[in-house]
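**Student:** Got a structure here, written out as structure tokens. Questions coming.
The values are calculated or read from the model by the stated rules, or taken from the named source; none is laboratory data. Keep in mind that this is a model prediction, so the values were computed, not measured. As a convention, Cβ positions derive from the backbone with ideal geometry for all residues, glycine included, and neighbour counts pool all protein chains shown.
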Amino acid sequence: MALPGLLLTVLAGRTVPTPLPEPVLSRLRSAKVTETDSERSAFSLSLDAGRSGPLAAFDNPLLTSSPLQVGARVALVVTLGAVPTVLFDGIVTQTELTPGDRPGSATLDVQGEDASYLMDLEERDVEYPALTDYLQVLAVLAPYAAQGILPAALPTPVAEPSLPTEQVPVQQTTDLRHLAALAARNGYVAYLMPGPVPGTSSFYWGPPVRVGLPQPALSIDLGAQTNVLSAPTFKTDSVGPVQVTGTVQDPTSGQSVPVQARAALRPPLAAVPLSAVTAVRTRRLRESGTGTATATVRAQAAVDAGADAVVGEGELDGARYGSVLRPRGLVGVRGAGWSYDGLWYVRQVVHDLAPGSYRQKFVIAREGYGSTVPAVVV
């Protein structure tokens, strides 16, 4: 990609990804990677599929000699300045050839999903007697180390393994969906993090990352320091926040115990949460066969999941920003005014790369208005 200080490296192979041959790489027109905090990451490559060479009359060379075949492992690495970042690690799931009716118009589109695709291929029936959710996660992830997927799981705050004589946890779906279900009921997230080297990834299972060092700030309406392509839009959704109340039967005493969760317990990113200035919906807790502590955790998970009621959307200039914005972490905003300045959680980033251009479309969210910090990282 002909942008000063920017280099895109594409690696592909049936088992171990290696750099694309120059004849294939020279045909690359654009690349796109979509990363979110709730779904699998995806990528697409667009290549010039014009025929050339002695075998062109027989078949398209990209279809016969390119490593970008369905089922191949693909890694995309973006280097800004001297810092390489593994942007994507996954599997080619689809190719689409569009023959052209004039020179230079033929296109090959290559699409794929991140390596967690390998965990979503087979539905399984598995029992996990006396295993907590965390131990189930470790058991599910263990076999995938051979495919370059390493576990990065954190224990849950409450662990109440059920007695095998009372209840046996059962998996009746794919490994990926089972991990996602276990995460959701604990207020956790489950996703693949590419890297640290091409062809490897870490599977994170734990609470959303809302602490730590924020990424460089999104600068709005600040003259030469502005790094967004246009002013982002901010919207407020009062339907999302909820509070949860209900009762659960204690398995030991048989007594009904009240359970409630009124406010999010995640580290606050806004000075004034929306739940403090408007009425929120109330949901009833409907749990059976669980202890009081587990029911409380699941009620709190529902409250935390709906807390981010203020959402911002915009687009960055990659060259001005000088970094790769990643989802599932924090980023600062400055220049938007008191209500929207401060720290935000990054929900989604779409990376669009083409010769001379690197754009990053982003979606950020938090629970309300006003900054909780006096300054942000630039």
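**Student:** Taking ALA181 as meeting all but one of (1) without any contact (Cβ under 8 Å) to a residue 24 or more places away in the chain; (2) within 25 Å of VAL24 (Cα to Cα); (3) within 19 Å of the chain's Cα centre (by Cα), write down the number of the exception.
**Tutor:** (2)
**Student:** Okay, moving on. For LEU131, are the conditions met, namely being over 25 Å from the mean Cα position of the chain (by Cα), of a type in the set (A, V, I, L, M, F, W, C), crowded, with 16+ Cβ neighbours inside 10 Å and at negative phi? Even if it seems obvious, please write down each step before you answer.
**Tutor:** Details: over 25 Å from the mean Cα position of the chain (by Cα): yes; of a type in the set (A, V, I, L, M, F, W, C): yes; crowded, with 16+ Cβ neighbours inside 10 Å: yes; at negative phi: yes.
Yes.
**Student:** Name the strands (runs of 3 or more DSSP E) wholly inside region 146-251 in which the number of residues that are of a type in the set (D, E, K, R) is 1 or more.
**Tutor:** On the way: elements: 149-153, 170-174, 189-194, 201-206, 215-219, 228-236, 242-249.
Qualifying strands (runs of 3 or more DSSP E): 228-236.
**Student:** Is there a residue in region 91-107 that is among the β-branched types (Val, Ile, Thr), modelled with pLDDT of 95 or more and buried (at least 21 other Cβ atoms within 10 Å of the Cβ)?
**Tutor:** Scanning region 91-107 turns up at least one residue that is among the β-branched types (Val, Ile, Thr), modelled with pLDDT of 95 or more and buried (at least 21 other Cβ atoms within 10 Å of the Cβ).
**Student:** Okay, moving on. Considering each of ALA293, ALA309 in turn, give the residue that is in contact with a helix residue (DSSP H, G or I) (Cβ under 8 Å, 6 or more places away or on another chain), modelled with pLDDT under 95 and closer than 30 Å to GLY246 by Cα.
**Tutor:** ALA309
Yes or no, residue by residue, for (1) among the β-branched types (Val, Ile, Thr); (2) over 22 Å from LEU325 (Cα atoms); (3) assigned by TED's automatic domain parsing to the domain that holds VAL197:
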site: ALA72; (1), (2), (3): no, yes, no
site: ALA75; (1), (2), (3): no, no, no
site: THR85; (1), (2), (3): yes, no, no
site: THR98; (1), (2), (3): yes, yes, no
site: GLN136; (1), (2), (3): no, yes, yes
site: GLY148; (1), (2), (3): no, yes, yes
site: ALA153; (1), (2), (3): no, yes, yes
site: THR156; (1), (2), (3): yes, yes, yes
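**Student:** Let me ask something else about it. Which residue out of GLY240, GLY223 is free of Cβ contacts under 8 Å to residues at least 12 places away in the same chain and small (Gly, Ala, Ser)?
**Tutor:** GLY223
**Student:** For region 202-210, check the following and say yes or no: at least one residue is crowded, with 18+ Cβ neighbours inside 10 Å and more than 27 Å from the chain's Cα centre (by Cα).
**Tutor:** no
**Student:** Restricting to region 268-290, and then to whatever is part of a loop (DSSP other than H, G, I, E, B) and of a type in the set (Val, Ile, Thr), can you tell me which residue is modelled with the highest pLDDT?
**Tutor:** VAL280
**Student:** Report, by residue number, each residue of region 84-133 that is touching a residue at least 60 places away in the same chain (Cβ under 8 Å), hydrophobic (A, V, I, L, M, F, W, C) and under 21 Å from ASP352 (Cα atoms).
**Tutor:** Residues satisfying the conditions are VAL86, LEU87, PHE88, VAL92, LEU108, VAL110, ALA115.
**Student:** For the condition under 30 Å from ASP133 (Cα atoms), within 22 Å of the chain's Cα centre (by Cα) and at pLDDT 95 or above, what is the one hit in LEU265, LEU325, LEU330? Even if it seems obvious, please write down each step before you answer.
**Tutor:** Working: LEU265 fails: at pLDDT 95 or above; LEU325 fails: under 30 Å from ASP133 (Cα atoms).
Answer to the selection: LEU330.
**Student:** Also, quick follow-up: VAL228 versus (1) surrounded by fewer than 16 Cβ atoms within 10 Å (Cβ to Cβ); (2) under 24 Å from VAL378 (Cβ atoms): which is the lone unmet condition?
**Tutor:** (1)
**Student:** Could you check region 276-304 and list, in sequence order, the residues that are closer than 30 Å to LYS235 by Cα and either crowded, with 18+ Cβ neighbours inside 10 Å or within 27 Å of the chain's Cα centre (by Cα) (or both)?
**Tutor:** VAL280, LEU285, VAL297, ARG298, ALA299, GLN300, ALA301, ALA302, VAL303, ASP304
**Student:** Further question: Considering each of THR165, THR247, THR226 in turn, give the residue that is under 30 Å from ARG284 (Cα atoms), hydroxyl-bearing (Ser, Thr, Tyr) and not assigned by TED's automatic domain parsing to the domain that holds ARG283.
**Tutor:** Checking each option against the conditions leaves just THR165.
**Student:** Test THR173 against the criterion of being of a type outside the set (Asp, Glu), in contact with a helix residue (DSSP H, G or I) (Cβ under 8 Å, 6 or more places away or on another chain) and crowded, with 18+ Cβ neighbours inside 10 Å, and give yes or no.
**Tutor:** no
**Student:** A further question on this structure: Restricting the search to region 305-346, which residues are under 24 Å from GLY206 (Cα atoms), charged (D, E, K, R) and surrounded by fewer than 20 Cβ atoms within 10 Å (Cβ to Cβ)? Let's see the steps before the verdict.
**Tutor:** Of the residues in region 305-346, the ones under 24 Å from GLY206 (Cα atoms) are 305-311, 324-332, 343-346.
Filter once more, so that each one left must be charged (D, E, K, R): 308, 326, 328.
Passing the criteria: only ARG326.
**Student:** ALA183 - would you say it is closer than 22 Å to LEU330 by Cβ and surrounded by 19 or more Cβ atoms within 10 Å (Cβ to Cβ)?
**Tutor:** It is true that ALA183 is closer than 22 Å to LEU330 by Cβ and surrounded by 19 or more Cβ atoms within 10 Å (Cβ to Cβ).
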